[in-house]
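Working notes, structure below.
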Amino acid sequence: MIALSKMVAGEATVSEKLTYKSKERIPKALVEASKKPIPVVVWNSTARCNLNCVHCYAAETLNGEELTTEEAKMMIDDLAAIKVPVILFSGGEPLMRKDIYELISYAKSKGIHSSLSTNGTLIDEDVAAKLKEAGVDYVGVSLDGSEAVNDEFRGLKGAFKRALSGLLNAKEEGILTGIRFTVTKLNYEEVPKLLDLAVEHEIPRFCLYHLVPSGRADFKIDIDNNARRELMDWLFEKAIELRDEREKVEILTVDNPADGVFFYLKLKEMDENLAEDAFEFLKIRGGDNSGFRIADVDMYGNVHPNQFWWDYAVGNVREEKFSEIWLNPKDELLKKLREKHKYISGKRCGRCNYKLYCGGFRLRALRKGDLWGDDPSCYLKEEEIFETKPP
């Protein structure tokens, strides 16, 4: 995750102030956390969903029984014991799990921040109040275009209106909210509209996700790298505009670590001091953290390097505690992901001057045929990655 607004403003983001209770540019707790393999855990709590999205990574679920309430609590106890900072409750649609409020509340009681990744269509005023009472810290609602585009994308007429209503209901309850947008060929031109929507309704976060081929999604619906670079260039300028206008919407990009390098190089052209500060942030939070500071547990207890990597499991929490699987890894892939700079061998990624701070998104490289090869979604120019050097 690349906090673009933080890079162009040089200030702690809303989420960092929430998580680390600090207004420091780079909170000390964040620096310490970056040195340890203690991950943010995405938990796909259920396979059930009320929508049928064209890009759903969870569409092809494995067979099995979903974790029970008691099994989930045992997992949360273990996560709390190793001081996992955040559980991201995802799905399917997590609000279709009847015990979701109980589990959010339980995580909160154990000192773990709770984030909800939802399509938003089920958040009426009553649900929003229950989420607030349970102690959820953040609700991210997926919106992938204006009404007609989003409804086609999500497979349900009326999905946009219901999702927007759900987002605003959560906001009215005083819950930190955000829009989650996955960019594809189908909705590339919708980005400005959704960012304007966030500004209009004072939604504090706008997260743009790059497509990761998994489940129903594949490279066929991804944008090409010329369009990707053009979009990131626009997003950079928009972040500066929002900063100058003192708008309280922070922009983040997710699942393409090349964004961090691109934004750093853009800053370097306009403000050396700000660029240096941004690079300090990249040294802590840049790069693909799959298998290190990002983990996924699916609805059946399988542990994966990230939420898109369901074709590979490193263990199961029913058979062994998450802490044992993660902190004492026996799995060779997990070990290598934590030292990926030693194994990256692509013609671009392998020789890139920013390999330590980016390294490409490894799963996307694997989907193209070589885990340690080039990330096909890197849009940086050769003169940028070979001729410029990090400070």
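Values quoted throughout were computed directly from the atomic coordinates according to the rules given, and no laboratory measurement underlies them. Note that the structure is predicted; figures quoted are calculated from it, not measured. Here the Cβ is made from the backbone with ideal geometry for all residues, glycine too, and neighbour counts use every protein chain on show.
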Cubic angstrom per residue, convex hull over Cα atoms of the chain: 126 Å³
Just round it to a whole percent: the fraction of Cα-Cα distances in the stretch 279-389 exceeding 16 Å. 60 percent
Over the stretch 85-153, what is the mean sequence separation of C-alpha contacts under 8 Å (at least six apart), divided by residue count, expressed as relative contact order in percent? 34 percent
In the chain, which cysteines lack any other cysteine Cβ under 4.7 Å from their own? Cys49, Cys207, Cys349, Cys352, Cys358, Cys378
Can you tell me the FRET efficiency between Glu241 and Glu383 if r is taken as the Cβ-Cβ distance and R0 is 30 Å, rounded to the nearest 0.05? 0.65
Peptides 114-121, 346-353 ordered by average Cβ neighbours within 10 Å, highest first: 114-121, 346-353
What ranking do 255-263, 299-307 get when scored by the average of other Cβ atoms within 10 Å per residue, highest first? 255-263, 299-307
So, over other residues within a Cβ distance under 11 Å of Lys381, counting Lys, Arg +1 and Asp, Glu -1, the net charge is -2
Can you compute the modelled spin-label distance between Ser146 and Leu327, with each label point 7 Å from Cα toward Cβ, in nm? 5.2 nm
Top mean-square fluctuation among Leu168, Leu327, Leu194, Gaussian network model of the chain, C-alpha springs under 10 Å? Leu327
With bins of 10 Å, the percent of all Cα-Cα pairs of the stretch 85-134 per bin from 0 is 27, 60, 13
Summing Lys, Arg as +1 and Asp, Glu as -1, what charge do residues with Cβ under 13 Å from the Cβ of Leu194 carry, Leu194 excluded? -2
Under 8 Å for C-alpha pairs, at least 6 residues apart: give me the relative contact order for the stretch 172-278, rounded to a whole percent. 28 percent
So how far apart, in nm, are the two label points at Met74 and Tyr312 if each is 7 Å from Cα heading toward Cβ? 2.8 nm
Could you sort 89-97, 72-80 so that the peptide with the highest average Cβ count within 10 Å comes first and the rest follow in order? 89-97, 72-80
Theoretical gain in end-to-end length, Asp224 to Leu274 [0.36 nm per residue, Cα-Cα removed]: 15.0 nm
Distance between Cα centroids, the stretch 323-391 to the stretch 260-298: provide it in whole Å. 14 Å
Scoring the chain by relative contact order with C-alpha pairs under 8 Å, at least six apart, yields a percentage of 20 percent
